[in-house]
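Reading through the structure tokens given below for one structure.
The values are calculated or read from the model by the stated rules, or taken from the named source; none is laboratory data. Please read all numbers here as calculations on a predicted model, not as lab measurements. All Cβ positions, glycine included, derive from the backbone under ideal geometry; neighbour counts span all protein chains shown. With ligands, DNA and RNA removed, areas are computed over all heavy atoms of the protein, side chains included. Shrake-Rupley method; radii C 1.70, N 1.55, O 1.52, S 1.80 Å.
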Amino acid sequence: MKSLSRNIGFAAFAATMMAAGMQTGHAEDKKPYTIYLSNNFVGNDWRQQMERVATVSVNKGPLKGRVDLKIENVENTVQAQINSLNNIIRQKPDAILVDAGSDSALNPTIKKACDAGIVVISFDQVVTEPCAYAVASDWDRIPSVMAEWMATQLGGKGNIILDRGLAGAPISAQLQGGYEKVLAKYPDIKVVGYYNGNYALGPEQSGVAALLAANPKIDGIMTQGYGSGAIQALKDAGRPIVPVVGFSYNVAAVTCAQTQGAKCILGSNPAYLSSEAIKLAVDILDTGKKPAERSVSVKGDFVTTDPFESKLYPGTKMIKIAIGENAFPDQAPGLTLPITPDWVEITAAEAAGTK
Amino acid sequence: MVMSVEQTVEMAQRPAETKPTKPAIDWRGRLLDRAPFLVACLMLALIVGIYGSLQSGVFSLDELNLDTAAAMTLMLAATGQTIVLLRGGIDLSIGGMISLGTVIAATRFTDDASTTALWALIILALGFLIGALNGLLISLLKLQPFLVTLATWSILNGVAMIILPTDGGSIPSWWVGFASAQPLGLTSPVWMLLVLLLFWWWFRATRVGIAIQATGSNEKSAFLSGVSIARVNLVTYGLSGLFAAGAALFLVTQTGAGSPTIGKDYILPSVAAAVIGGVSLFGGRGHLAGTLIGAFVLTLIGNLVFVLHVSSYWQPVASGVILLLSVLASSVAEKAARNRVQ
């Protein structure tokens with residue numbers, strides 16, 4: 001498996017290099033596209049990685065020299081993003097990428113951009129305006145595959161505890177619902193406790209610790225957060241390390257890889273959604289052809305200690321956790337994995353901004 | 001500048017036959033009085049100057065139309081806030097009222113014009129009533145405006161969340177189109193700006209306008225000269241609520257949707273716009289024209305940061321520096337005014 005994925009990686013890399021070689025001649029006779037990235041918020045690791053990855057992906061690989069990328073951050077208010085977008089529209093760029101502060105309140109402004117002939121692609125936090133494309137992770141697939149993996153690990157039988165995420169957050173309800181929908185197919189798997197992990201290590205660890213104390217037999221933990229907090233709680237309580245579901249932060253992958261006997265699957269909302277949005281914009285501008293659907297789902301590979309074949313989503317890609325290859329003890333804990341889409345080679349150091 | 005209450009009272013008490021001889025015009029005093037407003041004008045001129053030298057087409061009608069639309073929500077919110085500041089109070093509840101206004105609009109407005117017009121009137125009436133309630137609570141319970149309006153802000157916010165938990169709903173396209181409509185060559189936001197100035201020109205000379213400023217200047221002497229403080233509070237906060245509701249109705253032309261959280265983004269900027277425009281936080285001193293210039297200043301800083309290609313983090317830094325300069329100018333003017341009275 002490992003050598004296979006390596007070979008695929010190499011093939012992809014070679015193809016990329018060839019594509020890059022072919023593009024150089026092509027790019028010279030074309031003016032680079034001016035593309036703006038409007039981001040409503042920069043206060044977390046993911047958004048910063050998203051912006052770094054966007055910059056790297058137009059400075060190497062097939063898009064090198066093809067895009068003049070300008071990033072505009074705003075201070076997390078809808079009015080500021082509207083005003084910023086209006087400023088951007090007046091520059092008459094070829095495309096605008098939007099990580100939106102509101103799924104609907106930017107719509108009239110985005111419509112204005114479309115009407116001005118600008119390609120608009122919303123990504124990550126997408127908008128409902130039909131003229132804009134929506135590039136996002138498939139949030140139905142992620143919890144389903146992870147719950148299926150857990151059921152496989154447990155052989156369809158056992159006690160688990162489940163993270164409700166952040167009270168009131170739509171994504172939390174969606175993930176919890178996704179987990180429970182699949183688990184409901186396994187009558188012998190019982191959810192014996194819930195906690196709110198709040199997408200932070202502290203609440204995850206204390207939430208799991210409290211439930212461990214109350215339940216002598218826990219066979220699996222479904223987090224919506226890091227997973228590494230749950231593993232730490234198991235270690236602290238002197239309990240066996242049971243299978244854990246979480247999201248693909250570097251710290252989670254490193255903890256899984258370095259903990260004896262740990263079994264994990266980590267779902268990914270890759271920070272390279274920005275790169276995918278740029279690529280989509282360039283494809284549309286190059287060919288003049290528009291995708292059939294305005295929603296484009298990005299399928300970030302799962303990162304896991306124990307890859308399996310999903311029956312719910314056949315062909316789902318799994319990356320086996322390997323220190324140095326896809327888990328980086330020397331990089332920031334909040335780095336989101338996988339680092340790079342397959343059409344360009346972005347390194348961990350580039351994504352983390354340490355290089 | 002309106003006469004202070006001491007002066008009004010003093011003049012009223014003076015026997016009619018001994019009309020004072022025309023005093024020599026105190027040019028220095030007048031200049032100092034207007035210093036905060038002049039500083040605001042200077043800052044706006046400076047910002048427009050730099051912006052115009054970096055971006056083509058700044059000195060055009062298009063630019064005026066665009067920037068006025070960008071600033072109008074803040075201008076409406078800040079108009080209400082200016083009235084409250086002149087009274088010597090503060091209104092945090094406008095944040096809740098703006099959110100509530102947008103969610104009611106986004107859930108109730110339809111393609112049918114008469115239904116939508118009715119709901120728009122209901123939103124405006126609600127704004128006035130809730131504001132008036134603020135004023136009533138402040139008078140009856142003798143509470144700090146800050147605390148009362150903090151509480152109503154929270155309540156209105158909650159109600160907005162109950163009506164529409166996340167951004168959404170819809171605003172009919174003809175309502176959204178209002179902001180870009182161009183009756184007689186100017187967009188509706190520019191007309192609104194002119195209407196606001198006209199309103200102010202009329203309002204500040206009305207009995208209630210004078211009473212609000214007199215109360216803000218010196219509550220005790222206003223009371224002694226027969227002003228009903230309770231009524232002043234009622235009207236002051238009522239108008240603030242009304243303008244916040246108006247801000248919500250305009251805001252949805254920009255967003256095309258309701259948002260239960262959007263109002264909070266206008267609370268402190270509304271105070272900042274007024275202060276930058278030379279309105280005193282201690283009441284009684286200031287003019288809406290200054291506030292509107294302040295709102296332009298705050299909005300154009302964003303444009304300037306954009307064309308300068310610097311990090312957007314410079315926007316709050318620049319806003320803060322400008323606010324400090326304004327406060328400094330105000331305090332100089334305030335001191336000068338006090339010296340002259342003594």
Seminar exercise, completed: With criteria (1) open to solvent by 10 Å² or more (accessible area, probe 1.4 Å); (2) more than 10 Å from chain B (Cβ to nearest Cβ); (3) under 20 Å from the mean Cα position of the chain (by Cα), A:Asn59 comes up short on (3)
For this session: Sort through A:Ala327, A:Ala351, A:Ala322 and tell me the only one that's closer than 24 Å to A:Arg66 by Cβ and touching a residue at least 60 places away in the same chain (Cβ under 8 Å).
Result: A:Ala351
For this session: Hey, can you tell me all the residues within region A:83-99 that are buried (at least 24 other Cβ atoms within 10 Å of the Cβ) and within 7 Å of chain B (Cβ to nearest Cβ)?
Result: A:Asn83, A:Ser84
Problem set entry | Residue that is surrounded by the most Cβ atoms within 10 Å (Cβ to Cβ), among those in region B:293-302 that are within 13 Å of chain A (Cβ to nearest Cβ) and hydrophobic (A, V, I, L, M, F, W, C) | B:Ala295
Seminar exercise, completed: Taking region A:211-238 and the residues there that are in contact with a Phe, Trp or Tyr (Cβ under 7 Å, 6 or more places away or on another chain) and open to solvent by 20 Å² or more (accessible area, probe 1.4 Å), the one that is farthest from A:Gln174 (Cα to Cα) would be A:Leu211
Exercise. What number of residues in region A:158-170 are open to solvent by 30 Å² or more (accessible area, probe 1.4 Å) and touching a residue at least 40 places away in the same chain (Cβ under 8 Å)?
Worked result: 2
Problem set entry | Filtered residue count, region A:164-180, keeping only those that are more than 20 Å from B:Asp167 (Cβ to Cβ) and out of contact with any helix residue (DSSP H, G or I) (no Cβ under 7 Å at 6 or more places or on another chain) | 3
Problem set entry | The lone exception for A:Ser102 - which of (1) within 13 Å of chain B (Cβ to nearest Cβ); (2) surrounded by fewer than 23 Cβ atoms within 10 Å (Cβ to Cβ) it fails | (2)
For this session: Kindly list the number of the only condition in (1) more than 14 Å from chain A (Cβ to nearest Cβ); (2) assigned to a loop (DSSP other than H, G, I, E, B); (3) among the small types (Gly, Ala, Ser) that fails for B:Gly290.
Result: (2)
For this session: Identify all residues within region A:13-49 that are modelled with pLDDT under 85 and among the hydroxyl-bearing types (Ser, Thr, Tyr); write none if there are none.
Result: A:Thr16, A:Thr24
Exercise. When you look at A:Ile110, is it away from every other protein chain (no Cβ under 13 Å) and open to solvent by less than 30 Å² (accessible area, probe 1.4 Å), yes or no?
Worked result: no
Seminar exercise, completed: Given (1) modelled with pLDDT under 95; (2) closer than 30 Å to A:Val182 by Cα, A:Asn159 misses just (1)
Problem set entry | Segments classed as strands (runs of 3 or more DSSP E), wholly inside region A:128-221, with at least 2 members that are aromatic (Phe, Trp, Tyr) | A:189-195
Exercise. Given the structure, is A:Asn44 surrounded by fewer than 22 Cβ atoms within 10 Å (Cβ to Cβ) and more than 21 Å from the chain's Cα centre (by Cα)?
Worked result: no
Exercise. Only one residue in B:Ser225, B:Ser180 is away from chain A (no Cβ under 14 Å) and among the hydroxyl-bearing types (Ser, Thr, Tyr). Which one?
Worked result: B:Ser225
For this session: Could you check region B:1-75 for helices (runs of 4 or more DSSP H) lying wholly inside it with 2 or more residues that are open to solvent by 60 Å² or more (accessible area, probe 1.4 Å), at pLDDT 70 or above and of a type outside the set (A, V, I, L, M)?
Result: B:27-33, B:35-54
For this session: Check off (1) over 30 Å from A:Val251 (Cα atoms); (2) in contact (Cβ under 8 Å) with a residue 40 or more places away in the chain; (3) open to solvent by 10 Å² or more (accessible area, probe 1.4 Å); (4) more than 14 Å from every other protein chain (Cβ to nearest Cβ) for A:Ile121 and give me the number that stays unchecked.
Result: (3)
Exercise. Can we say A:Val298 is closer than 27 Å to A:Ala136 by Cα, touching a residue at least 12 places away in the same chain (Cβ under 8 Å) and not hydroxyl-bearing (Ser, Thr, Tyr)?
Worked result: yes
Problem set entry | Qualifying positions in region A:284-293 - open to solvent by 70 Å² or more (accessible area, probe 1.4 Å) and not hydrophobic (A, V, I, L, M, F, W, C) | A:Thr287, A:Lys289, A:Lys290, A:Glu293
Seminar exercise, completed: From the option list B:Pro172, B:Pro165, single residue qualifying as within 14 Å of chain A (Cβ to nearest Cβ) and out of contact with any helix residue (DSSP H, G or I) (no Cβ under 8 Å at 6 or more places or on another chain) is B:Pro165
For this session: Determine if region B:259-268 includes at least one residue that is over 19 Å from B:Phe203 (Cβ atoms) and touching a strand residue (DSSP E or B) at 6+ places or on another chain (Cβ under 9 Å).
Result: yes
Exercise. Are any residues in region A:272-293 at pLDDT below 95 and assigned to a loop (DSSP other than H, G, I, E, B), and if so, which ones?
Worked result: A:Gly288, A:Lys289, A:Lys290, A:Pro291, A:Ala292, A:Glu293
Seminar exercise, completed: Those residues of region B:303-331 that are open to solvent by less than 40 Å² (accessible area, probe 1.4 Å), at the interface with chain A (Cβ under 8 Å from one of its Cβ atoms) and either modelled with pLDDT under 85 or not in a helix (DSSP H, G or I) (or both) come to a total of 1
